[in-house]
Amino acid sequence: MNIHKAYKFRLYPTDKQATLIHKTIGCCRFVFNQALAKQDKKNVYWYIVHEMVQNGQLTENRWKSEFFNASNAQKELTSMKKEMQWLNEVDRAALQSTLQDLGKAFKELYHKSKGKPRFKSKKNNIQSYKAKYNYNKGVGSVRMDRIGNNDFLLLPKIGLVKIAKPREVRGKILSATVRKAATGKYFVSILTEQEIETIQYSLFEIGIDVGLKEFATFSDGTTISNPKWFRSLEEKLAKAQASLSRRKLGSSNWHKQQRKVAKIHEDITNARQDFLHKLSSSLVRENQVMAIMICV
């Protein structure tokens, strides 16, 4: 049985590569917003008729605008790239991927499972784009490489980017999502397809009672205290946020202090995830059956 598994690593791009990453993110955002704005123009008549129904001018709303189609949007992207040559400087698969994401968002809207897609902003703390894995003469467009003692990740249009790789990537690479965090760090999430590895069965069973005062109480009487990672850095975070509030909004010092605040939030998140992953992994390896009770 095949499953999808993701690996997250930190990237160390050069200044030139960082500029290309920012340019790719900006082009993806532009294409996404252009396609969304065009579809909004088609849908605006529905809202006009809907308002006329509410005012009693019409009995019902029979207006049906054309649904968003990602395939048609990708065809229009080809003509758009002829008019705007700067779109050719970035990975075309990344531009197509962002239109596919918009198509999924509209599909969820049409099925009423989610709300209306929103425009992307360059002011968001997290910026990202997706590079797809494609074969070209038997060589993958996204692949891992090792030169000397350093590990690198090959990205389309970007080239070989230095990467911190604490573990090996197994399975077939499907895509790589490059992300810039609020702290200014760069990360990549590599999605792979691989077979499930069977592990040795265990005869142990355990019950887990998740609480507030104690993080978890096991059926054998063992308890795990709540580490309270936020409380450990609460004072440091408060000082950093107070310092940020005194900076002029949008200034260089404001951006520097904002990254310091984001770094503290990142430390809290990393500590929580490390604690949860280690605990859950040990429980899964040591027990065959687990029963979890959560009191609300």
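All of the numbers you see were taken from the coordinates with simple rules; none came from a lab. Predicted, not measured: the structure shown is a model, and the values here were computed from it. Every residue, glycine among them, receives a Cβ derived from its backbone with ideal geometry; neighbour counts consider all protein chains shown.
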Report summary line: Only helices counted: for the chain, with every DSSP H run of 4 or more residues adding -39500 (n - 2.57) and the sum spread over all residues, [θ] at 222 nm is -14500 deg cm²/dmol
Query - Listed residues ALA271, THR223, GLN17: farthest to the positive end of the dipole of the chain (Cβ charges) - result: GLN17
Requested in this report: For region 1-43 and region 246-295, write down the distance between their C-alpha centroids in whole Å.
Outcome: 24
Query raised in the report: Residue separation times 0.36 nm, minus the C-alpha to C-alpha distance between ALA164 and VAL44: what's the value?
Result: 38.4 nm
Query raised in the report: Of the cross-linked pairs LYS75/LYS165; LYS81/LYS256; LYS82/LYS162; LYS38/LYS122, which ones have a Cα-Cα span greater than 26 Å in the structure shown?
Result: LYS75/LYS165; LYS81/LYS256; LYS82/LYS162
Report summary line: For the chain, longest principal axis from Cα atoms; helix 252-286 axis from its Cα atoms; angle between them, nearest 10 degrees, is 50
Query raised in the report: Applying 1/(1 + (r/R0)^6) with R0 = 35 Å to the Cβ-Cβ distance of LEU283 and SER113, what FRET efficiency is obtained, to the nearest 0.05?
Result: 0.60
Report summary line: Rounded to two decimals, the Debye log10 I(q)/I(0) of region 97-157 (Cα scatterers, no solvent) at q = 0.13, 0.18, 0.24 Å⁻¹ is -0.60, -0.84, -1.02
Query raised in the report: Translational D (Stokes-Einstein, µm²/s) of region 17-110 at 25 °C and 0.890 mPa s when Rh comes from the Kirkwood sum over C-alpha pairs?
Result: 164
Query - Filter on LYS8/LYS185; LYS5/LYS263; LYS104/LYS132; LYS114/LYS180 - keep pairs with C-alpha separation over 24 Å - result: LYS5/LYS263; LYS114/LYS180
Report summary line: The exposure ranking of TYR129, TYR7, TYR12, TYR110, fewest beta-carbon neighbours within 10 Å first, is TYR110, TYR12, TYR7, TYR129
Query raised in the report: Taking neighbour Cβ counts within 10 Å as the exposure measure, how do THR222, THR24 sort from fewest upward?
Result: THR222, THR24
Report task. From zero up to wherever the largest Cα-Cα distance of the chain sits, split into 10 Å bins and tell me the percent of pairs in each. Result -> 5, 18, 23, 25, 19, 9, 1, 0
Report task. Please arrange LYS114, LYS81 by counting, for each residue, the other beta carbons lying within 10 Å of its beta carbon, fewest first. Result -> LYS114, LYS81
